[in-house]
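Here is the structure we will look at, set down as structure tokens.
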Amino acid sequence: MHFHPQPRPGAATPWAFPAPERDQLPNGLTLLHCHRPGQQVVAVEVNLQAPLEAEPAGLDGVATIMARALSEGTDKHSAEEFAAELERCGATLDAHADHPGVRVSLEVPASRLPKALALLADALRAPAFADSEIERLVGNRLDEIPHELANPARRAAMALSKQLFPADARMSRPRQGTEETVRNIDAAAVRAFYEAHVRPATATAVVVGDFTGVDLAQD
């Protein structure tokens, strides 16, 4: 039997992620961007200063519902139309709430970046927060809770947080809310949380990829 020689690794070359450029848009949004020629899938992440500790008393989970509702229609598109427009761009949009704030992530081919950025801007600027969509999202979250409680790892994490942090600290309670608090969430509560915390001046957008021929500040 003939064995081929084992491949040998080449010499490691030093590499460091390039420092991003920083801009401040006229509307107050902080933009960090890093042009990576040849990186044909552009990654965009928007960080919103909407921390979980800012959730109103008795409404734990409203930040999560708001984050999930950002892609459920705008003033220009219904939920179905918005999803279809994202598909036409070959883009994926995701959002989730955590203790520091809400993060909205977009990945899209560089050739479709301007269109996808316009959709992302619509989702952040004028989400519909339709009553029916919020009711559906609340129902989905209520369905998730029993599964989380049946998961030993989740139960252990909840118990640990409850022991580590004071009872009045938001970090002592489940990040996405409990059955009791989620049931209190409606479209009015989501709109109020959005209006209180989501604005360009308190948001930071990070964009990495190939921006050839694209003016990020304009798009």
What's the total number of residues in the range 192-219 that are in contact with a Ser or Thr (Cβ under 7 Å, 6 or more places away or on another chain) and acidic (Asp, Glu)?
0
Looking at (1) over 17 Å from LEU52 (Cα atoms); (2) surrounded by fewer than 16 Cβ atoms within 10 Å (Cβ to Cβ); (3) of a type in the set (Gly, Ala, Ser); (4) in contact (Cβ under 8 Å) with a residue 24 or more places away in the chain, which one does ALA196 not meet, given that it meets all the others?
(1)
Out of the range 160-178, which residues are surrounded by 14 or more Cβ atoms within 10 Å (Cβ to Cβ) and under 28 Å from PRO127 (Cα atoms)?
ARG170, ARG173, PRO174, ARG175, GLN176, GLY177, THR178
Of these, VAL41, VAL102, which one is within 30 Å of GLU180 (Cα to Cα) and among the β-branched types (Val, Ile, Thr)?
VAL102
Quick check, is PHE129 of a type in the set (Phe, Trp, Tyr), open to solvent by less than 40 Å² (accessible area, probe 1.4 Å) and on the phi < 0 side of the Ramachandran plot?
no
Filtering the range 71-99 down to residues that are open to solvent by 10 Å² or more (accessible area, probe 1.4 Å), touching a residue at least 40 places away in the same chain (Cβ under 8 Å) and assigned to a loop (DSSP other than H, G, I, E, B) yields SER71, GLU72, ASP75, LYS76, HIS77, SER78, ASP98, HIS99
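ALA201 - would you say it is more than 15 Å from GLY61 (Cβ to Cβ), among the hydrophobic types (A, V, I, L, M, F, W, C), part of a loop (DSSP other than H, G, I, E, B) and at pLDDT below 95? Walk me through it before giving the result.
Details: more than 15 Å from GLY61 (Cβ to Cβ): yes; among the hydrophobic types (A, V, I, L, M, F, W, C): yes; part of a loop (DSSP other than H, G, I, E, B): no; at pLDDT below 95: yes.
Here the answer is no, as ALA201 does not meet what is asked.
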For the range 156-168, pairs from a residue that is within 14 Å of THR178 (Cβ to Cβ) to a residue that is part of a helix (DSSP H, G or I) and open to solvent by less than 80 Å² (accessible area, probe 1.4 Å), with Cβ under 7 Å and 6 or more apart or across chains, are SER161/SER172; LYS162/SER172
Answer yes if at least one residue in the range 100-110 is part of a loop (DSSP other than H, G, I, E, B), aliphatic (A, V, I, L, M) and touching a helix residue (DSSP H, G or I) at 6+ places or on another chain (Cβ under 6 Å), and no otherwise.
no
Taking the condition closer than 18 Å to ILE185 by Cβ, of a type in the set (A, V, I, L, M, F, W, C) and either open to solvent by less than 30 Å² (accessible area, probe 1.4 Å) or touching a residue at least 24 places away in the same chain (Cβ under 8 Å) (or both), does ALA63 pass?
yes
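Going by what's in this entry, would GLU21 be described as under 24 Å from ASP215 (Cβ atoms) and in contact with a His (Cβ under 6 Å, 6 or more places away or on another chain)?
Yes; evaluated as a whole, the condition is true for this residue.
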Search the range 24-50 for residues that are free of Cβ contacts under 8 Å to residues at least 24 places away in the same chain and pair each with any residue that is open to solvent by less than 40 Å² (accessible area, probe 1.4 Å) and of a type in the set (Gly, Ala, Ser) when their beta-carbon atoms are under 6 Å apart and the residues are at least 6 apart or on different chains.
none
Odd one out for GLN40, checked against (1) at pLDDT below 95; (2) under 16 Å from ALA205 (Cα atoms); (3) in contact with a Ser or Thr (Cβ under 9 Å, 6 or more places away or on another chain):
(2)
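Tell me whether the range 101-120 contains one or more residues that are more than 23 Å from VAL214 (Cα to Cα) and open to solvent by less than 40 Å² (accessible area, probe 1.4 Å). Step through it out loud before you land on a result.
First pass over the range 101-120, keeping only residues more than 23 Å from VAL214 (Cα to Cα): 101-103.
From what's left, open to solvent by less than 40 Å² (accessible area, probe 1.4 Å): 101-102.
There is at least one residue in the range 101-120 that is more than 23 Å from VAL214 (Cα to Cα) and open to solvent by less than 40 Å² (accessible area, probe 1.4 Å).
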When you look at ALA217, is it open to solvent by 50 Å² or more (accessible area, probe 1.4 Å), modelled with pLDDT of 95 or more and either under 18 Å from ALA69 (Cα atoms) or not in a strand (DSSP E or B) (or both), yes or no?
no
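The values are calculated or read from the model by the stated rules, or taken from the named source; none is laboratory data. As the structure is a computational prediction, the values presented were derived from the model and not from experiment. Please note: Cβ atoms are built from the backbone with ideal geometry, for glycine as well, and neighbour counts cover all protein chains shown. Remember, those area values only see protein heavy atoms, side chains included, never the ligands or the DNA or RNA. Shrake-Rupley method; radii C 1.70, N 1.55, O 1.52, S 1.80 Å.
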